[in-house]
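FYI, it's all coordinate maths here, none of it is from the lab. This one's a predicted model, so the numbers in the text were calculated from it and none came from an experiment. Counting neighbours? That spans all protein chains shown, and the Cβs are built from the backbone with ideal geometry, glycine included.
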Amino acid sequence: MNLLLILLVSVLSCAAQLCQKQAAHLGIKKGIFWLALSILLLGIGMLLWLAVLRVVPVSVAYPMLSLNFVLVAIAARLIWRETYSLQQWIGTLAIVAGVALMGSHL
């Protein structure tokens, strides 16, 4: 259950960051909806994060938020067709491996 909560916080944070990117792409006036949605998602994520911190040591939970880097990179590739170098993908895989090691401790 703890792992699922951490994953949910990461997904909400990722979605919020993608909304911010969309708002920046459209400009402040046209992107205000995306900016407001980002703030809402970040707020919900923060409340869930507090629930995580009640049951998971911060030394374990916080490094697992590195999943944000992976989720945002994959989403940016799918949504905006951003390109990544081999070095970036290797780094992303290293993050996944590290999170898997941390998650096996839960």
Quick one: if you stick a label point 7 Å off each Cα along the C-beta vector at ALA36 and LEU78, how many nm between them?
2.6
Membrane-span-like helices in the chain: DSSP H runs reaching 20 Å or more (Cα, own axis), mean Kyte hydropathy at least -1.0?
2-26, 32-55, 86-103
Shape descriptors of region 1-97 over alpha-carbon atoms, Rg and Dmax in angstrom, are 14.6, 41
Running a GNM on the chain with Cα contacts under 10 Å, which residue among SER66, SER13, SER85 ends up with the highest mean-square fluctuation?
SER85
